[in-house]
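First comes the structure, then the notes that go with it.
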Amino acid sequence: MRLAAHIKIKDRHILNLAKLVSGPRSILYKKTDLAAYDCDGFTIEKYLPRAVVFPQNTEEVAAVVKYCSENDLPFLARGAGTGLSGGAIPINGEVIISLTRMKRLLNVDLENRMAVVEPGFVNLKLTHAISDQEYYYAPDPSSQYCCTIGGNVAENAGGAHCLKYGVTTNHILGLEVVLPNGDVIEIGKKGIPDAPGYDLLGLLTGSEGTLGIVTKITVRILKNPESKQTVLAYFDRVEDGSQAVSDIISAGIVPAALEMMDKIAIEGVEAAAFPVGHPRDIEALLLIEVDGIHAGIEEQINQILEVCRNRNVREVRAAKNEGERERWWANRKTGFGAMGAISHDYLVQDGVIPRSKLPEVLSKINEISQESGLRIANIFHAGDGNLHPLVLFDSRVPGETEKAIEAGSACLKVCADAGGTITGEHGVGIEKKEEMRFVFTDEEIMAQTAIRKVFNHDNLLNAGKLFPTPGKCAEIKQELTKA
Ligand SMILES: Cc1cc2nc3c(=O)[nH]c(=O)nc-3n(C[C@H](O)[C@H](O)[C@H](O)COP(=O)(O)OP(=O)(O)OC[C@H]3O[C@@H](n4cnc5c(N)ncnc54)[C@H](O)[C@@H]3O)c2cc1C
């Protein structure tokens, strides 16, 4: 982009970067414009980027990356900015490389069940583009109507239906990546993921934008299941709902999705855009979906109804029709945003636990809520033990933000102590980097930072994310050497 001659810009890097990206308004550099990029879905910390560039193709991404690398400028990639752990926040005043103009569906190959997309392609648009042929893209984060597949790869995003179908990494067949020095590499060529050598696809997927910038993605697409049905169950006790979850899995059923919401979460979704009339006085609800060949569905539904009845369910039934099924899902998928209807602010957490520990962990989260004086809602993928405690707070009240952060961290500690971990799908970002110590030893953290260094030698790409502060690691290393 050529900047008009009369515009006076003191920063020569802005002028140089502008020359590397084509099209109108392909660089933002004024404070007022940059303010829209000072955070992502994690709104607690905000920093202004140096500039935001909007490349249109891989060559432009590579040119910008090379320029940043040669001029010692920190930089990072950004998709839709829906990340919940602060991965796209420019904590070092980075140049943000926005991938939102690289949003083409490049190829659909039904015969080989693959599609190729640019990183800024929005998740749900892929299913929309292939649904006529009865195909779909399985990973379905609740943000799928706006988050990008590039962002999904970086975060290894999950979703309600990942219980049966797996998370993003299980659906990635190939990547084109711009390395932090500007070189472009292809991984998993021709859709054959299990290539000789190290599993770079696995390494890059979920690396939170710290190893390279993904510029092209080959994904697996699936044929629509012949049939699907959803059951809704209301419980007066959280323990009964949690036991029903275990009983369903122990019965040998693998639901496509098995979601749970507690009383506060229900209050939120019923106050938000898609209420469906859930009773306000129940303690928990389960949304259970099964899919597959038509013949087996009815039997599975009957088994699920029986399991719920054996666990003192107040009311349980299958959706009457597709419209009702969709309304139930729309209500569930608004879950996080719905907290805005009942609280000024909320902090989403993302712990994982062994499913059998559900009642115990939920009761400890309740204790954290009582101790902190903050309400904590729970909306989660119960089938795979991926909890989302939502800490409700009001940032206008002095001290409440800090209390919320502490309560969120305490929830993660409970998950880690129960044999689980600190993130299932939202990533570590800046939010949980100190909590990495709940699940990794110093040696394990150092092994991982060593891998980052191989790719991201000068640490200019998305520095300060994912691992505890380098200073602390260096101190640990010294201690270890002394010992
Ligand atoms: C209401 C709501 C509901 C959500 N529900 C879910 C859910 O059910 N499951 C789930 O997993 N997540 C969920 N999320 C979190 C979020 O949507 C996902 O993490 C998503 O994958 C982020 O995509 P994005 O395009 O917004 O990425 P961004 O937020 O822009 O970036 C996220 C990270 O990816 C990196 N990145 C982005 N693009 C690239 C690229 N092309 N190459 C390399 N790195 C890149 C960034 O540097 C950053 O570190 C939810 C978020 C919201 C707001």
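Regarding GLY41, is this residue under 30 Å from ASP350 (Cβ atoms) and open to solvent by less than 30 Å² (accessible area, probe 1.4 Å)?
On the way: under 30 Å from ASP350 (Cβ atoms): yes; open to solvent by less than 30 Å² (accessible area, probe 1.4 Å): no.
It is false that GLY41 is under 30 Å from ASP350 (Cβ atoms) and open to solvent by less than 30 Å² (accessible area, probe 1.4 Å).
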request  = Kindly indicate the residue of region 420-458 that is part of a loop (DSSP other than H, G, I, E, B) and free of Cβ contacts under 8 Å to residues at least 40 places away in the same chain and also surrounded by the fewest Cβ atoms within 10 Å (Cβ to Cβ) among those meeting that condition.
outcome  = THR441
query = Filter region 407-419 for residues that are more than 17 Å from GLN370 (Cβ to Cβ) and open to solvent by less than 20 Å² (accessible area, probe 1.4 Å); which is farthest from the ligand (Cβ to nearest atom)?
reply = ALA418
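Rundown of residues vs (1) touching a residue at least 12 places away in the same chain (Cβ under 8 Å); (2) part of a strand (DSSP E or B); (3) within 15 Å of the ligand (Cβ to nearest atom); (4) closer than 30 Å to ALA382 by Cα, yes/no style:
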| residue | (1), (2), (3), (4) |
| --- | --- |
| LEU124 | yes, no, yes, yes |
| HIS128 | no, no, no, yes |
| ALA138 | yes, no, yes, yes |
| LEU163 | yes, no, yes, yes |
| LEU175 | yes, yes, yes, no |
| GLY197 | no, no, no, no |
| GLY206 | yes, no, yes, yes |
| THR215 | yes, yes, yes, no |
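Which helices (runs of 4 or more DSSP H) sit wholly inside region 281-397 and have at least 3 residues that are out of contact with any helix residue (DSSP H, G or I) (no Cβ under 8 Å at 6 or more places or on another chain) and surrounded by fewer than 18 Cβ atoms within 10 Å (Cβ to Cβ)?
Values: elements: 294-310, 322-333, 335-338, 358-372.
Qualifying helices (runs of 4 or more DSSP H): 294-310, 322-333, 358-372.
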Yes/no for THR401 being at pLDDT below 95, farther than 22 Å from GLY212 by Cα and part of a helix (DSSP H, G or I) = no
request  = Go through region 78-108 and count every residue that is outside any strand (DSSP E or B), more than 9 Å from the ligand (Cβ to nearest atom) and open to solvent by less than 20 Å² (accessible area, probe 1.4 Å).
outcome  = 2
note = Within region 141-156, residues being buried (at least 24 other Cβ atoms within 10 Å of the Cβ) and near the ligand (Cβ under 7 Å from one of its atoms) number 8
remark   = Those residues of region 229-272 that are under 22 Å from HIS161 (Cα atoms), touching a residue at least 60 places away in the same chain (Cβ under 8 Å) and part of a loop (DSSP other than H, G, I, E, B) come to a total of 3
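The values are calculated or read from the model by the stated rules, or taken from the named source; none is laboratory data. Quick caveat: nothing in here was measured; it's all calculated off a predicted structure. With ideal geometry, Cβ positions are generated from the backbone for all residues, glycine too; neighbour counts draw on all protein chains shown. Side chains included, ligands, DNA and RNA excluded: accessible areas come from the protein's heavy atoms. Shrake-Rupley method; radii C 1.70, N 1.55, O 1.52, S 1.80 Å.
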